[in-house]
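Read the structure below first, then the notes.
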Number of protein chains: 2
Amino acid sequence: MTNTVTDAALAAREAAAELAVCTRAQKDRALRAMADALVEQAPRLLAANAGDVARAEAAGTDTGIVDRLRLTQARIESIAEALREVTALPDPVGEVVRGSTLPNGLELRQVRVPFGVVGIIYEARPNVTVDAAGLCLKSGNAVLLRGSSSARESNTALVAVLREALTSSGLPADAVQLVPGDTHDSVTELLRARGLVDVVIPRGGAALIRNVVQNAIVPVIETGVGNCHVYVDADADPELAVELLVDSKAQRPSVCNAAETFLVHKDIADVFVPKALEALKDAGVTVHGDASIAAYSADVVAAQESDFEDEYLSLDIAATVVDSLDAAVAHIRKYSSGHTEVIVTQSQAAARAFTARVDAAAVIVNASTRFTDGGEFGFGAEIGISTQKLHARGPMGLPELTSTKYIVIGDGQTRARNASS
Amino acid sequence: MTNTVTDAALAAREAAAELAVCTRAQKDRALRAMADALVEQAPRLLAANAGDVARAEAAGTDTGIVDRLRLTQARIESIAEALREVTALPDPVGEVVRGSTLPNGLELRQVRVPFGVVGIIYEARPNVTVDAAGLCLKSGNAVLLRGSSSARESNTALVAVLREALTSSGLPADAVQLVPGDTHDSVTELLRARGLVDVVIPRGGAALIRNVVQNAIVPVIETGVGNCHVYVDADADPELAVELLVDSKAQRPSVCNAAETFLVHKDIADVFVPKALEALKDAGVTVHGDASIAAYSADVVAAQESDFEDEYLSLDIAATVVDSLDAAVAHIRKYSSGHTEVIVTQSQAAARAFTARVDAAAVIVNASTRFTDGGEFGFGAEIGISTQKLHARGPMGLPELTSTKYIVIGDGQTRARNASS
């Protein structure tokens, strides 16, 4: 291990140059060795994690956060299993994205290559340490991991085990490193390591992501803030709409693809809203509505502007009645974080208008918001869900962890003699 | 026209929402109207340009820069013709990049969509104003143009003509706007308009690009800095290597894909270097070499570290002898800007090692550096050549001016009932 972020990044670049030319067989072998080592060394990992958990509990940390921080034998086995699943995914490196022979005989191929060095900044979830290391390794990238300081002891132990497995597999240990130091300065240094770090991916809440975006001069992929809407169109089947709304909100409320607001066309409000309020109440959801919704029930809490702006990530949902599909699109354009937007409708014209005009990573017709997910989309593991438009948008799997280069093979072509333009 | 960058960006967002759902036919009609209008209104454009040129000459501006700033009837016709050529390119918007039916029956499509609002920051070349407007329009994006203040009068006239043509074609004039104000502050405001501007693309020299990268909090695509190398391997054909080197350096020295350094394997140096020095001298090129090159001729200027670091963009080239292909790769890894790197070799093993291990937008075997170009690659017009790894790398055509979104069509799927994971 090294002492400064720059040292770590330089070591990562060296490792990345080796990884870039590794075969899939070498990388898959290392992934299996990493999985085996985690299970074998579970006692060491549990001991380290117990220290973090004890400190978090002593500090009065929220029980939900402590639960995400906690490792158990079963969780370690499931983390190891996830690494084994990555071996089954195709290697994106070397894939020819496009190619042709140019009129002057040059053979042009655009080929996937690793980014090089990927930085991941995340919160107190030790499983992210291993997931990110595995996905970066499979895609040929060295990774710099900056987890929460509250998981420092767990992450140190996990990374030590992964590095030992890399070494025993003949791959460079510096392909997986913890960012040295757990002060805010080490994050800043990572975000400013231009030329050394090829991309930083923040995984966490809105505040973490905002800090990264504001302070980075290295390229960033924003992930995971989901202010997702369910729009119930005039032509919706009300029963289906209720079912989709409840699934979108309550099936797992703490995640980015949970719904945070529902919009109802005025022509269906009298039929839909009472059913929806009852079903949401049964699911334990509090509805924060404006006057148009409050008219249907005394249980509705008066909505503020912030109810439409922010993610709840809890059993709460904002709601309003809109005059038209256009008004729904305008509301979504104003408040959406560009993650997932759903329309429930039987009308082909409404579905087509909504999918064409709503600008989000995923626009869904007649299904739950909860399907925006790398696993559900069939991509295998995901490193996060991009809510930006550059490079990748939506669930990011292994191909999204790569860049490309053009390889051009000639036999003496010059522009003076062989220009095509 | 509006008064602040934020106002302009807000107006651009409105225009972008309209453009996103325009058909190719509408966009191509507008492009033809723009081309016709430029030719019809050439006298107005020439008058405006004459003002800029007179001011530049009075200020003692370098004649090369004045020449790039100058419009003529022939240049206006050629700029208009370039717009017409864009109509022949396929519309990237709506292209299905991938798609499948998921195990639970959801129909998943990943579809190209416009970015939305694109900012272009560039130097005193009025043709870029029109090229960028045309490519952004065809890809469904609204554009905010920030040219050099020395071309302000020309750009104002050009954009006025383009906006009139948009209006007459039924498209929103605010799809093409000059960034208001020509102070440094207006650039900063553009670079910080997060949430309003989807991407900024700087086109110009190293200092312009560095300023943009350091100060932007909106996503940026770096372009065009090319510290390109030609490596002459031990197994090169010396005659071919000389021809490729001269073409790479001298065919058009002022552009980013011109060569700036050549590296020679020691085993071929005695044969190659004298021929190369003679041919470069004949082409008017000054060679800046270290002792390993100076040994061959008194004409060689002693190279400093900066000779290997910077782009000349002139009839100068740096040179050194290396001990091995590994040493050439290490030199390139240290100094390359990641644009274009060439190997000249007859050896399949050397070509394979070089293309695998050199990390650049384009790695070329046995052809000139000068082929890294959207036109030469067959992409039609290009908006620039990306030297970063995120989103796009190498020549950027219309598809690189788009993002994607996932459109998912279901018939009532919920995670509670229909999860595939």
Based on what the data block shows, is B:ASN141 among the polar types (S, T, N, Q), out of contact with any Lys or Arg (no Cβ under 8 Å at 6 or more places or on another chain) and under 25 Å from B:ARG194 (Cβ atoms)?
-> yes
Only residues in the stretch B:13-29 that are within 12 Å of chain A (Cβ to nearest Cβ) count as the first member; pair them with residues that are among the hydroxyl-bearing types (Ser, Thr, Tyr) and open to solvent by 70 Å² or more (accessible area, probe 1.4 Å), Cβ under 9 angstrom, at least 6 apart or cross-chain, and list the lot.
-> none
B:GLN346 being surrounded by fewer than 19 Cβ atoms within 10 Å (Cβ to Cβ) and in contact (Cβ under 8 Å) with a residue 60 or more places away in the chain | yes
Among the residues listed as B:ASP91, B:ASP67, B:ASP131, B:ASP62, the single one being under 21 Å from the mean Cα position of the chain (by Cα), open to solvent by 30 Å² or more (accessible area, probe 1.4 Å) and over 21 Å from B:PHE379 (Cβ atoms) = B:ASP67
Say we look at the stretch B:81-136 and pick out the residues that are of a type in the set (Ser, Thr, Tyr) and within 14 Å of another protein chain (Cβ to nearest Cβ); which of these is farthest from B:ARG70 (Cα to Cα)?
-> B:THR101
Give the number of residues within the stretch A:334-382 that are within 9 Å of chain B (Cβ to nearest Cβ) and among the acidic types (Asp, Glu).
-> 3
Matching residues in the stretch B:338-370 - criterion: being closer than 20 Å to A:PRO114 by Cβ and not small (Gly, Ala, Ser) | B:HIS339, B:THR340, B:GLU341, B:ARG352, B:PHE354, B:THR355, B:ARG357, B:VAL358, B:ASP359, B:VAL363
Kindly list the number of the only condition in (1) in a helix (DSSP H, G or I); (2) of a type in the set (Gly, Ala, Ser); (3) not assigned by TED's automatic domain parsing to the domain that holds A:ILE121 that fails for A:ALA236.
-> (1)
Hey, A:SER254 hits all of (1) more than 10 Å from chain B (Cβ to nearest Cβ); (2) touching a residue at least 40 places away in the same chain (Cβ under 8 Å); (3) open to solvent by less than 30 Å² (accessible area, probe 1.4 Å); (4) not charged (D, E, K, R) but one; which does it fall short on?
-> (3)
Scan the stretch A:294-322 for residues that are under 21 Å from A:GLY205 (Cα atoms), touching a helix residue (DSSP H, G or I) at 6+ places or on another chain (Cβ under 7 Å) and among the small types (Gly, Ala, Ser) and jot them down.
-> A:ALA318
Could you count how many residues in the stretch A:373-417 are within 21 Å of B:ASN418 (Cα to Cα) and among the polar types (S, T, N, Q)?
-> 0
Are any of the residues in the stretch B:108-116 more than 16 Å from the chain's Cα centre (by Cα), assigned by TED's automatic domain parsing to the domain that holds B:ARG29 and either open to solvent by 30 Å² or more (accessible area, probe 1.4 Å) or of a type in the set (Asp, Glu) (or both)?
-> yes
Please state which of the following conditions A:VAL246 fails to meet, knowing it meets all the rest: (1) assigned to a helix (DSSP H, G or I); (2) open to solvent by less than 20 Å² (accessible area, probe 1.4 Å).
-> (2)
For helices (runs of 4 or more DSSP H) lying entirely in the stretch B:318-421, having 3 or more residues that are hydrophobic (A, V, I, L, M, F, W, C) picks out B:325-335, B:348-357
Of (1) among the hydrophobic types (A, V, I, L, M, F, W, C); (2) farther than 21 Å from A:ASP247 by Cβ; (3) open to solvent by less than 50 Å² (accessible area, probe 1.4 Å), A:ALA319 fails just (2)
Residues in the stretch A:402-421 that are hydrophobic (A, V, I, L, M, F, W, C), touching a residue at least 40 places away in the same chain (Cβ under 8 Å) and open to solvent by 10 Å² or more (accessible area, probe 1.4 Å) total 3
Out of the stretch A:178-217, which residues are of a type in the set (Val, Ile, Thr), open to solvent by 10 Å² or more (accessible area, probe 1.4 Å), within 12 Å of another protein chain (Cβ to nearest Cβ) and not in a helix (DSSP H, G or I)?
-> A:ILE217
Verdict on A:ARG84 being farther than 30 Å from A:GLY195 by Cα and among the basic types (Lys, Arg) = yes
When you go through (1) at positive phi; (2) in contact with a Leu (Cβ under 9 Å, 6 or more places away or on another chain) one by one for B:LEU178, which number turns out not to apply?
-> (1)
Hey, can you tell me all the residues within the stretch A:206-246 that are within 14 Å of the chain's Cα centre (by Cα) and more than 20 Å from A:THR355 (Cα to Cα)?
-> A:ALA206, A:LEU208, A:ILE209, A:VAL220, A:ILE221, A:GLU222, A:THR223, A:GLY224, A:VAL225
Among the listed residues A:VAL86, A:VAL97, which satisfies the condition of being in the same structural domain as A:ALA48 (by TED's automatic domain parsing), surrounded by 18 or more Cβ atoms within 10 Å (Cβ to Cβ) and outside any loop (DSSP other than H, G, I, E, B)?
-> A:VAL86
What is the residue count in the stretch B:254-295 for residues that are over 22 Å from B:LEU325 (Cα atoms) and either modelled with pLDDT under 95 or in contact with a Cys (Cβ under 6 Å, 6 or more places away or on another chain) (or both)?
-> 3
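For every residue, the table says whether it meets (1) surrounded by fewer than 21 Cβ atoms within 10 Å (Cβ to Cβ); (2) hydrophobic (A, V, I, L, M, F, W, C); (3) under 20 Å from the mean Cα position of the chain (by Cα).
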{"site": "B:ARG333", "(1), (2), (3)": "yes, no, no"}
{"site": "B:ASP359", "(1), (2), (3)": "no, no, yes"}
{"site": "B:ALA362", "(1), (2), (3)": "no, yes, yes"}
{"site": "B:SER368", "(1), (2), (3)": "no, no, yes"}
{"site": "B:ILE385", "(1), (2), (3)": "no, yes, yes"}
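Okay, residues lined up against (1) under 26 Å from A:LEU398 (Cβ atoms); (2) in contact with a Pro (Cβ under 8 Å, 6 or more places away or on another chain); (3) polar (S, T, N, Q); (4) surrounded by fewer than 22 Cβ atoms within 10 Å (Cβ to Cβ):
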residue: A:THR6; (1), (2), (3), (4): no, no, yes, yes
residue: A:ALA9; (1), (2), (3), (4): yes, no, no, no
residue: A:ALA16; (1), (2), (3), (4): yes, yes, no, no
residue: A:LEU19; (1), (2), (3), (4): yes, yes, no, no
residue: A:ALA25; (1), (2), (3), (4): yes, no, no, yes
residue: A:ASP28; (1), (2), (3), (4): yes, no, no, yes
residue: A:ARG32; (1), (2), (3), (4): yes, no, no, yes
residue: A:GLU40; (1), (2), (3), (4): no, no, no, yes
residue: A:LEU45; (1), (2), (3), (4): yes, no, no, no
Scanning for something farther than 25 Å from A:ARG357 by Cβ and within 14 Å of chain A (Cβ to nearest Cβ), does the stretch B:146-169 turn up at least one residue?
-> no
How about the stretch B:1-49: which of its residues are under 27 Å from B:VAL187 (Cα atoms), part of a helix (DSSP H, G or I) and of a type in the set (Val, Ile, Thr)?
-> B:VAL5, B:THR6
For the stretch B:383-401, what are the residues that are of a type in the set (S, T, N, Q) and either more than 7 Å from chain A (Cβ to nearest Cβ) or without any contact (Cβ under 8 Å) to a residue 60 or more places away in the chain (or both)?
-> B:SER386, B:THR387
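The values are calculated or read from the model by the stated rules, or taken from the named source; none is laboratory data. Computed from a predicted model, the values in this text were never measured in an experiment. Cβ: placed from backbone, ideal geometry, glycine included. Neighbour counts: every protein chain shown. All accessible areas refer to the heavy atoms of the entire protein, side chains included, with ligands and DNA or RNA removed. Shrake-Rupley method; radii C 1.70, N 1.55, O 1.52, S 1.80 Å.
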